[in-house]
Every structure is written in structure tokens, then in C-alpha cells.
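One structure is given below, encoded as C-alpha cells.
The values are calculated or read from the model by the stated rules, or taken from the named source; none is laboratory data. Keep in mind that what you see is a predicted model, and the values were worked out from it rather than measured. Glycine gets a Cβ as well: all are built from the backbone with ideal geometry, and neighbour counts include every protein chain shown.
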Amino acid sequence: MDSCIAIILAAGKGTRMKSSLPKALHPLAGLPMAVHVIESVRQVGVSRILLVVGHKSQRVRESLGDSVEYVEQSEQLGTGHAVLQVSQPLQAWAGDLLVLCGDTPLISPQTLESLLVHHRASGATVSMLSGMGGYHAGAGRVVRDEEGRVAGIVEEKEATTSQLEIKEWNTGIYCFRVPWLWGLLTNLPLHPNGEYYLTDVVVTAVAKGESVEATLGADPGEFLGINSRVELALAEGVLRQRIRERLMVEGVTLSDPSSIYIDQWVKVGADTIIYPNTYILGRSQVGQGCLLGPNSIIKDSVLGDGCTVLSSVVEGATLEGQVDVGPFCHIRPGVYLETGVHVGNYVELKASRLGRGTKIGHFSYVGDALVGNNVNIGAGTVTANYDGKAKHQTIIEDGVFVGSDSILVAPVRVGARAVTGAGSVVTKDVPPGAIVYGIPARVRRERGK
Ligand code: UD1
Ligand code: CA
């Protein structure tokens with residue numbers, strides 16, 4: 001859709017949010033509000049997107065990165081003034097300009113597509129999306145003449161009692177012909193609150209005899225504008241439900257959907273079952289046939305097929321296939337668990353790799369460790385990785401048997417197939433095949449002898 005450029009207005013103060021965070025960055029299903037709008041526009045095939053920023057613009061730019069172009073509106077003088085700011089960067093351009101607000105995150109690509117199709121088919125100068133019914137507190141009303149043609153938009157706070165009765169409201173989403181628009185924007189009237197309203201473009205267009213079209217959106221819920229935390233919560237509910245339904249359609253079982261919270265960009269494979277009170281957040285990816293929850297939090301993690309996470313927290317970790325975790329474990333960032341690893345009750349893992357088939361069944365802490373294949377780590381094992389100044393690595397080679405209550409004082413290496421006796425404090429490297437025990441642990445004999 002290269003004949004169309006989109007702009008998203010996000011410079012406003014968001015006063016009604018009563019927040020130090022710019023409104024565009026308030027999270028919804030794990031993504032800043034404005035990203036939902038950006039994604040929807042992208043899915044229609046519009047590749048050039050300009051975000052009008054102003055209030056705390058630096059913070060918005062840092063958070064959203066270079067996914068869009070930015071245009072500064074240094075003074076927030078209203079939505080009409082905001083759109084005028086893009087006339088400069090777009091002065092050489094002629095085509096369709098799609099205008100959206102950064103605070104209307106539920107808009108679907110299908111609805112945007114229908115607006116564009118209608119705009120082109122009708123050849124209108126201004127096309128707008130209107131809503132009927134649904135939650136629309138504070139929205140402008142669409143005024144029509146006796147013949148039913150759009151005559152203007154009146155803001156709720158400036159509407160007469162009879163205009164407040166009008167059922168059709170302005171969604172704040174439009175398509176304009178450019179460069180025709182620029183001339184109008186420079187002549188908008190100033191309202192008593194010191195703002196220039198984009199909505200006044202409609203009245204002016206009608207007065208100049210230009211064709212103005214209003215298309216009624218099929219689902220008014222998509223146009224919910226977020227002005228306060230009340231609407232933020234409403235939008236969050238809608239988005240979460242959409243995500244749940246998408247996953248269920250894709251073959252994922254959610255045993256009690258409303259108790260399960262999944263972020264927008266999460267992927268889950270078919271035949272995975274998610275039990276109640278479970279959160280899958282950030283950029284997590286879950287394979288097929290997994291059992292997650294109840295009571296689990298999985299954040300920014302990748303899980304292969306057939307994994308189980310029971311009543312545990314997994315964050316920033318990778319689990320290959322057939323890994324089982326829990327109950328009551330904390331798998332922290334930088335953990336990589338190879339196929340068939342078993343992590344049982346009350347285990348904390350951090351920045352460690354555990355090889356195929358390794359088992360760590362009961363209350364242990366393993367941090368900054370490289371653990372080989374088929375290692376058995378006994379109850380109460382601790383890698384003492386921190387000496388008060390720096391973190392050190394523990395290496396446990398293939399086939400090692402770490403006895404219960406062993407403390408491995410890093411940096412230290414336990415050689416392949418070695419054994420540490422219960423209660424050992426291992427302060428020196430253990431040769432392959434050796435049996436060590438005691439405090440500090442000493443080599444007593446070799447395994448199998
Ligand atoms: C606006 C519309 C209203 C419509 C509603 C739909 C106007 C005057 N009113 O009202 O008809 O029903 O949206 O949700 O257009 N912004 C800027 N710069 C500014 C002012 C606002 O970028 O100087 C941005 C805001 O960040 C926001 C968007 O424009 O993303 C809309 O502003 P907002 O103050 O929320 O307008 P509404 O009162 O919701
Ligand atoms: Ca708004």
C-alpha cells in the first residue's frame with residue numbers, strides 16, 4: 001500500500017491518565033499502547049508510518065526505537081495542529097494520508113483496510129470511520145444534514161443537548177487526500193481551550209464542496225479510545241480475550257481462560273495445555289504438547305515440545321524438549337536446559353547450562369554453572385558462585401554425582417563421573433572419576449574402586 005502513508009498522533013499529555021509515563025507507552029498485553037496501533041497499520045501494508053510526538057517525546061522515541069519515523073509537535077495545540085506538523089516532511093508527497101490516534105489500540109487491520117477501500121472507491125477527499133453504540137465517553141459526535149450527508153463533527157464538551165443525543169460518534173481515524181489537506185490545516189479556527197481540532201477539517205471540507213464520507217465500523221469496540229485508566233483496563237480485557245481465542249483456535253487448551261494471561265507476541269504450539277493462574281509474557285515461545293501451570297509465570301523464554309512447568313517462574317530461559325520444572329522453582333535469565341532435564345522442587349537456577357538428562361530434584365541453587373549430561377545433583381547443593389566481589393564459574397562434567405548438601409566453591413571444576421560425598425565443601429578441582437568428601441573435600445578414592 002505504497003500510495004498511502006500513515007500518521008499516528010501521540011504527542012498529547014494524556015492528562016486524564018494521571019501518569020508520569022507518556023500515554024502511548026502504557027502497556028497493554030505486554031506492549032506499549034502505540035505499538036498495537038503501529039502493528040495494525042503495518043498489517044494493512046502501509047510501510048511508511050510517522051508518529052507525532054511531543055510530551056516526553058525522548059522517552060517515547062527511546063522506547064519505540066526506529067520502528068517508525070518521528071515528527072515533533074513541540075507545543076500540544078490540538079489534533080489539527082498535530083497533523084499539520086507532518087506537512088513539512090511530507091511536502092513533496094501526494095496520495096492518501098491515514099490518520100490514527102496512538103490511544104486507540106484495538107483497531108483491527110481489517111477495519112483500516114475497509115476504510116482505505118471505501119476511500120478509494122468513493123474518491124472522497126475526506127473519509128472517516130464512525131462508531132455507533134459501544135463505549136464512547138468523551139467522543140465527538142458526527143453531525144449529518146437532512147439528506148444524511150456528513151456536515152461536521154462536534155466535540156462532546158462543546159455539543160448542545162440535542163447534539164449529545166446523536167448516536168454516531170467520531171473514532172478519530174480518517175483518510176485524507178494530500179496535499180489538499182495542508183491548506184485547510186493552516187486555517188483551522190482556534191477553540192477557547194487554545195487548541196486547533198482536526199475535526200474542524202470536516203466542516204471546512206463540506207463548506208468547500210469537497211466530498212466527505214463516514215463509514216460505520218462494524219465493531220464499535222475496536223475504536224475504544226484510552227483516555228483514563230478505566231479505559232486502559234477495558235482495552236486490556238479485550239486484548240487478552242482476543243489472544244486467548246486466537247490460541248484456542250490454533251489448538252491450545254486453556255483450562256480456565258479468564259485466569260490465564262498471555263502477551264500479544266507470545267507463540268504457543270498445538271496440544272499444549274495451560275492450567276489456571278498462568279502468565280506467559282513478553283517474547284515467550286512455547287512448543288507443542290507442553291503442560292504449563294497451574295500457577296506459573298513464563299517470561300521471555302523459549303520452551304521446546306513436551307515441557308512441563310508446574311507452579312514455577314521461568315524467565316529469560318531456554319528449555320529444549322521434554323524438560324520438566326517444578327513445583328516451586330525459579331529459573332532465571334541465562335539458563336539453558338537441554339533435552340530431558342528434570343528440575344524438581346524448590347530449585348533456583350541462574351545463568352547456567354544443564355546437559356541432556358541431568359537431574360536436580362530438590363532444593364538447590366545452581367548459578368554461573370556449566371553442567372554436563374546425565375549429572376545427578378543431590379538435594380541441597382549450592383554453587384557458591386560469589387566471593388563478595390565477583391561471580392565465578394562452576395563446571396560439572398558428564399556423569400558426575402553430586403552428593404546431597406554439597407557446596408561447590410567457584411571457580412571449580414568437577415571432572416567427569418566424579419562423586420562428591422554428602423556434606424562436602426569442594427574448594428579445589430576434582431579429577432575425573434574421583435570420590436571426594438569432607439570439609440574441605442579431599443580425594444578419598446576413585447569411582448568403582
Ligand atoms: C479525539 C477527537 C474526538 C474523537 C476522539 C476519538 C479531536 C478534537 N477530538 O478526542 O472527536 O471522538 O478523539 O478517540 O480531534 N494529540 C496530539 N497533539 C495534541 C493533542 C492530541 O498528538 O496537541 C494526540 C493525543 O496524544 C491522542 C490523540 O491526539 O493520541 C487524540 O487526542 P485526545 O486528547 O485523546 O482527544 P480526544 O478528547 O480523545
Ligand atoms: Ca483520546
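Determine which member of the set GLU156, GLU168 is assigned by TED's automatic domain parsing to the domain that holds VAL46 and within 10 Å of ligand 1 (Cβ to nearest atom).
Values: GLU168 fails: within 10 Å of ligand 1 (Cβ to nearest atom).
Only one candidate qualifies: GLU156.
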- prompt: If you check every pair at least six apart or on different chains, which have Cβ atoms under 6 Å apart with a residue in the range 293-316 that is among the basic types (Lys, Arg) first and a residue that is at pLDDT 95 or above second?
  reply: LYS299/LEU281; LYS299/GLY282; LYS299/GLU315
From LEU90, LEU100, residue being within 16 Å of ligand 2 (Cβ to nearest atom) and in contact with a strand residue (DSSP E or B) (Cβ under 8 Å, 6 or more places away or on another chain): LEU100
query: So how many residues does the range 127-160 have that are within 16 Å of ligand 2 (Cβ to nearest atom), among the charged types (D, E, K, R) and surrounded by fewer than 17 Cβ atoms within 10 Å (Cβ to Cβ)?
result: 3
- request: Quick one: LEU106 ticks every box in (1) of a type outside the set (Val, Ile, Thr); (2) crowded, with 21+ Cβ neighbours inside 10 Å; (3) within 15 Å of ligand 1 (Cβ to nearest atom); (4) within 21 Å of TYR196 (Cα to Cα) except a single one, so which number is it?
  value: (4)
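Among VAL52, VAL41, VAL60, VAL46, which is crowded, with 20+ Cβ neighbours inside 10 Å, assigned to a loop (DSSP other than H, G, I, E, B), away from ligand 2 (no atom under 13 Å from the Cβ) and of a type in the set (A, V, I, L, M, F, W, C)?
Values: VAL52 fails: assigned to a loop (DSSP other than H, G, I, E, B); VAL41 fails: assigned to a loop (DSSP other than H, G, I, E, B); VAL60 fails: assigned to a loop (DSSP other than H, G, I, E, B).
Matching residue, one of VAL52, VAL41, VAL60, VAL46: VAL46.
Of the residues that sit in the range 177-222 and are among the aromatic types (Phe, Trp, Tyr) and in contact with an Asp or Glu (Cβ under 9 Å, 6 or more places away or on another chain), which one is farthest from ligand 2 (Cβ to nearest atom)?
Taking the range 177-222 first, the residues among the aromatic types (Phe, Trp, Tyr) are 180, 182, 196-197.
Then drop every residue that is not in contact with an Asp or Glu (Cβ under 9 Å, 6 or more places away or on another chain), which leaves 180, 197.
Working: TRP180: 25, TYR197: 12 Å.
Looking at residues that are among the aromatic types (Phe, Trp, Tyr) and in contact with an Asp or Glu (Cβ under 9 Å, 6 or more places away or on another chain), I get TRP180.
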task: List every residue pair whose Cβ atoms sit under 7 Å apart, with the two residues 6 or more apart in sequence or on different chains, where the first one lies in the range 218-234 and is acidic (Asp, Glu) and the second, anywhere, is within 13 Å of ligand 1 (Cβ to nearest atom).
output: GLU222/LEU106; GLU222/ILE107; GLU231/LEU224; GLU231/GLY225
task: Starting from the range 138-151, take each residue that is in contact (Cβ under 8 Å) with a residue 40 or more places away in the chain and list its partners that are more than 15 Å from ligand 2 (Cβ to nearest atom) and part of a loop (DSSP other than H, G, I, E, B), counting only C-beta distances under 7 angstrom and pairs at least six apart or across chains.
output: VAL142/ILE166; ALA151/ASP145
message: Checking ALA24 against (1) more than 14 Å from ligand 1 (Cβ to nearest atom); (2) assigned to a helix (DSSP H, G or I), only one condition comes out false. Which one?
response: (1)
query: In the range 106-127, is there at least one residue being acidic (Asp, Glu), more than 23 Å from ALA151 (Cβ to Cβ) and in contact (Cβ under 8 Å) with a residue 12 or more places away in the chain?
result: yes
message: Would you confirm whether or not the range 68-84 contains a residue that is in a helix (DSSP H, G or I), in contact (Cβ under 8 Å) with a residue 24 or more places away in the chain and more than 29 Å from PRO189 (Cβ to Cβ)?
response: no
- request: Identify all residues within the range 294-313 that are assigned to a strand (DSSP E or B) and of a type outside the set (A, V, I, L, M, F, W, C); write none if there are none.
  value: LYS299, THR308
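Tell me, please, whether a residue that is outside any helix (DSSP H, G or I), among the hydrophobic types (A, V, I, L, M, F, W, C) and either more than 16 Å from ligand 2 (Cβ to nearest atom) or in contact (Cβ under 8 Å) with a residue 24 or more places away in the chain (or both) can be found in the range 255-264.
First pass over the range 255-264, keeping only residues outside any helix (DSSP H, G or I): 255-256, 260-264.
Right, trim to among the hydrophobic types (A, V, I, L, M, F, W, C) and you get 260, 262.
Then keep just the ones that are either more than 16 Å from ligand 2 (Cβ to nearest atom) or in contact (Cβ under 8 Å) with a residue 24 or more places away in the chain (or both); that gives 260, 262.
Yes, the range 255-264 has at least one match.
Could you tell me which residue of the range 230-262 is farthest from SER108 (Cα to Cα), considering only residues that are among the charged types (D, E, K, R) and exposed (fewer than 13 other Cβ atoms within 10 Å of the Cβ)? Walk me through how you get there before you give the answer.
Quick first cut of the range 230-262, residues among the charged types (D, E, K, R) only: 231, 236, 240, 242, 244-246, 250, 256.
Adding the requirement that they be exposed (fewer than 13 other Cβ atoms within 10 Å of the Cβ) leaves 245, 250.
Numbers: GLU245: 15, GLU250: 19 Å.
Looking at residues that are among the charged types (D, E, K, R) and exposed (fewer than 13 other Cβ atoms within 10 Å of the Cβ), I get GLU250.
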